[in-house]
Amino acid sequence: MGVDHCRCDRIRPRAVARNRTPLGLAEDLAEFAGVAPLRERPTWAHDAPEIRAWPVARLLDYSAPSGTTAVPTLVLPRQAGHASSIVDYGRDQSQMMTLRDGGLDRLFAIDWLPATDETAGWSIEGYVAVLEEAVQFLGGRVNLVGDCQGGWLAVVYAGLHPRGTRSPSAGHPLIHMPASPQSRNGLDCLPGATNSRSTGHLFVSVVVCGAGSTN
């Protein structure tokens, strides 16, 4: 097997910058080799009961003991390469607790489950259907907060089900929504978005709207 000279060229400047000796680099590699096989599933920092489940997701309740807000908030975490618990990473680093402490005390989160043979063929339509069931389960109207993949899912859902969404918020949603003084929200650039009945078509429209590519 040949040496990956490109990768070596990238590593060498960093090693020099850290003033690492050959022995130090060997110690780093030994430490990495020791922790790399540890594949324990990340855990949620705070207890949140499961109140609904699907093959691809669970719905967790982060509400305060006596929630007062009229409209619940549903958080859609990122998916690719991350466990959903990243939104509740630690006792002092929790998006969920920050939202709750900020007054959104009727608070819920989707926990995306690992893919299985049963769910290998799930499409965007399937995830939107799960989200619609979750929204209906929570009363039919929610504030949506989506991170990364959860962000574009929130945007697509809001376009298909505007009555179910009081306020969609997307953080790093992998799409770019152009803003202008005449535009009140990103969906203004999607002609007929709220009348669309095709999840796939709306997703493509969202990507194209942000000058992205669907190829």
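The values are calculated or read from the model by the stated rules, or taken from the named source; none is laboratory data. The shown structure was predicted, so the numbers you read here are calculated from the model rather than taken from an experiment. When we count neighbours, we look across all protein chains shown, and the Cβ atoms used for this are built from the backbone with ideal geometry, even at glycine.
In the stretch 71-82, the residue that is surrounded by the fewest Cβ atoms within 10 Å (Cβ to Cβ) out of those that are modelled with pLDDT of 90 or more and of a type in the set (A, V, I, L, M, F, W, C) is Val71.
Which one is nearest to Val130 (Cα to Cα) among residues in the stretch 106-118 that are crowded, with 18+ Cβ neighbours inside 10 Å and not hydrophobic (A, V, I, L, M, F, W, C)? So, considering only residues that are crowded, with 18+ Cβ neighbours inside 10 Å and not hydrophobic (A, V, I, L, M, F, W, C), the one nearest to Val130 (Cα to Cα) is Asp111.
The set of residues in the stretch 152-163 being in contact with a strand residue (DSSP E or B) (Cβ under 7 Å, 6 or more places away or on another chain) and either modelled with pLDDT of 85 or more or acidic (Asp, Glu) (or both) consists of Leu153, Ala154, Tyr157, Ala158. For the stretch 97-105, the criterion of being loosely packed, with under 14 Cβ neighbours inside 10 Å, hydroxyl-bearing (Ser, Thr, Tyr) and in contact (Cβ under 8 Å) with a residue 24 or more places away in the chain is satisfied by no residue at all.
For the stretch 84-94, the set of residues classified as crowded, with 18+ Cβ neighbours inside 10 Å and without any contact (Cβ under 8 Å) to a residue 60 or more places away in the chain consists of Ser84, Ser85, Asp88, Ser94, listed by residue number.
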